[in-house]
Amino acid sequence: MKFLKSAGAALTAPTANPQLLVKPWKVAIIDDEEQVHAVTQMVLRNTKIDEQPLAFLNAHSAADGLRLFQDHPDIALAFIDVVMESDEAGLELIHKIRNQLNNHSTRIVLRTGQPGSSPEETVIRTYDINDYKSKTELTDTKLKTCVYSSIRSYRDILTIETSKRGMQKVIAASDSVLRSQTLYQFGNAILNHTIQLLNIKTAEMYLVSQHVDLFGDAELILLAATGDQVKLNNQWDTEILPADVRTAIEETLEKKESTVTEDIFIGYYHTHEKTQSVLYTRFREPHNSLQDEILKLFAANITLIFQNLYSREHTQETQKELLLILGDAIEQRSKETGAHVRRVALMCELMALKLGQTSEYAETLKYASPLHDIGKIGIPETILHKPGKLTDSEWETMKTHALIGYELLKDSTRTIAKMGARIALSHHEHWDGSGYPKGLKGDAIPLEGRIVAIIDVIDALGSERAYKKPWQENDIIQYVSERSGKHFGLNMFDAALALFEHFREIRTNFPDHTSH
């Protein structure tokens, strides 16, 4: 047998079997006597523990032994001689392994040819070792027995440490999952932490659900996606699915059965009368049956959670869409056509973020802003549709729409409606106190009312109306600038001016449409 005298590359497998793919247990022999290396390897060369062979690492001094541990932190068992380059070289090495390298997993058996030099009780009490043997004491049988017990102990320690790390990941995953604000954030958090816990190397992973509604229409919904090859974009839907992945998912839905190959796992789950789901996973490395089983369990259970969350989120999105439609209806009653309400909603959201508000506040403002003129449903059409200038009396009636809108919404306990009530009441107040209905001044005007006030004017001036053509951008900026400090707060104008390029993009994406 060939022995390597340097600690560097000294990894010698006792059985040269090229077909052997099982990871071996690493056993380090650190001793300055060449004969000890040869005898130890000869006795243990055919030993297997849990069907895994041994692979030997050789070092002939404590210094080389330390480098061995630095290069191989996964050593299962180490036989260390006490006396090498000094009388206590082995003991000093053990101290460094445990304290400098912080390695408390490797099982260490201290061997000595001079038992009296380091008393056994003192050594075991002082140093973190697992056994202390005289070299003459370790016969063939006792050596094998020692290896079996030590490596099994190492195996159990690894299991405990892996479970501990897994629990830490579960706790960390729980935190990020619970912090998820949307269904898609939740789905990706679950997917990412699942593959971490299972130590799966995935190229791509998609969870897709197909739901059939009351009218028999089937909708394919992308619930989560992760992996090296996943191309995510701002439009979160099944369009991001590669053609071959989509085909495989659709075929699975049609066959209603799972498929497992060397590279791909496709799980099929019929979790509800009208809902079926598919988990598509393409691996970068080989996967095992245990990982497949846990993936199946994961997808089956998580899909049930998704169904409940999706139903809730679908209801919320429907409510938000209805608010936009309601805003459009109010505008059309006033004979205003176009996408004014939707533009105002998006522009208000940008303004809130520009002014340093939270994303939650900005999103709430986005869906509450369409309610700013809801009170106009209480204004007679003769006033709303009057082509000429309103009389003083008619103007006073028109002004009541702010209070009417507030009264309609004020009793709601829902956040969007509560903000809508504040906006309806305050979006005609002026910074200098000359507005209505309460003549509020400065910061006494709610921020959401101030934001809607300037955005409503900016977009209205840029829109075509029955009584005017759309204004040029420079004219709008000049108009708003002249009213800063009077109608609008100065910081409102500065924020709006910084966002004009984004406002222009919103107008391009949501242009006015004229009805005939």
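The values are calculated or read from the model by the stated rules, or taken from the named source; none is laboratory data. Because the structure is a prediction, the values reported are computed rather than measured. Here the Cβ is made from the backbone with ideal geometry for all residues, glycine too, and neighbour counts use every protein chain on show. For the accessible areas, the whole protein counts, side chains as well, though only heavy atoms, and no ligand, DNA or RNA atoms are used. Shrake-Rupley method; radii C 1.70, N 1.55, O 1.52, S 1.80 Å.
With the condition kept exactly as written, say whether any residue in region 483-491 is open to solvent by 60 Å² or more (accessible area, probe 1.4 Å) and within 44 Å of the chain's Cα centre (by Cα). So far as region 483-491 goes, yes, one or more of its residues are open to solvent by 60 Å² or more (accessible area, probe 1.4 Å) and within 44 Å of the chain's Cα centre (by Cα). Are there any pairs, at least 6 apart or on different chains, whose C-beta atoms fall under 8 Å, with the first in region 35-56 and free of Cβ contacts under 8 Å to residues at least 24 places away in the same chain and the second buried (at least 19 other Cβ atoms within 10 Å of the Cβ), and if so, which? Correct list of pairs: Lys48/Leu54. Among the residues of this structure, Ile423 does not count as one that is at pLDDT below 90, assigned to a helix (DSSP H, G or I) and within 28 Å of Arg507 (Cα to Cα).
Of Glu448, Glu464, all but one fail to be surrounded by 15 or more Cβ atoms within 10 Å (Cβ to Cβ), charged (D, E, K, R) and in contact (Cβ under 8 Å) with a residue 12 or more places away in the chain; the exception is Glu448. Within region 245-270, the set of residues being in a strand (DSSP E or B) and open to solvent by 40 Å² or more (accessible area, probe 1.4 Å) comprises Thr259, Val260, Ile264, His270. Are any residues in region 354-377 out of contact with any Cys (no Cβ under 9 Å at 6 or more places or on another chain), of a type in the set (A, V, I, L, M, F, W, C) and within 21 Å of Ala495 (Cα to Cα), and if so, which ones? Within region 354-377, just Leu355 meets the criteria.
Residues are listed down the side, and each one gets a yes or a no for (1) among the hydroxyl-bearing types (Ser, Thr, Tyr); (2) at pLDDT below 75; (3) over 16 Å from Glu219 (Cα atoms):
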{"residue": "Gln276", "(1), (2), (3)": "no, no, no"}
{"residue": "Thr281", "(1), (2), (3)": "yes, no, yes"}
{"residue": "Lys296", "(1), (2), (3)": "no, yes, yes"}
{"residue": "Thr303", "(1), (2), (3)": "yes, yes, no"}
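Of all residues in region 426-446, those satisfying the criterion of being under 40 Å from the mean Cα position of the chain (by Cα) and part of a loop (DSSP other than H, G, I, E, B) are His427, Ile445, Pro446.
Among the residues of region 383-415, those that are in a helix (DSSP H, G or I) and open to solvent by 80 Å² or more (accessible area, probe 1.4 Å) comprise Asp392, Ser393, Trp395, Glu396, Leu403, Glu407, Leu408, Thr415. Annotation: of all residues in region 318-372 being crowded, with 20+ Cβ neighbours inside 10 Å and not in a helix (DSSP H, G or I), the one that is modelled with the highest pLDDT is His372. Pairs meeting the criteria (first residue in region 198-218 and farther than 14 Å from Ile249 by Cα and among the charged types (D, E, K, R), second residue open to solvent by 50 Å² or more (accessible area, probe 1.4 Å) and part of a strand (DSSP E or B), beta carbons under 9 Å, at least 6 apart or on different chains) are Asp213/Glu219.
Residue count for region 132-160 under the criterion of being without any contact (Cβ under 8 Å) to a residue 24 or more places away in the chain and outside any loop (DSSP other than H, G, I, E, B): the result is 9.
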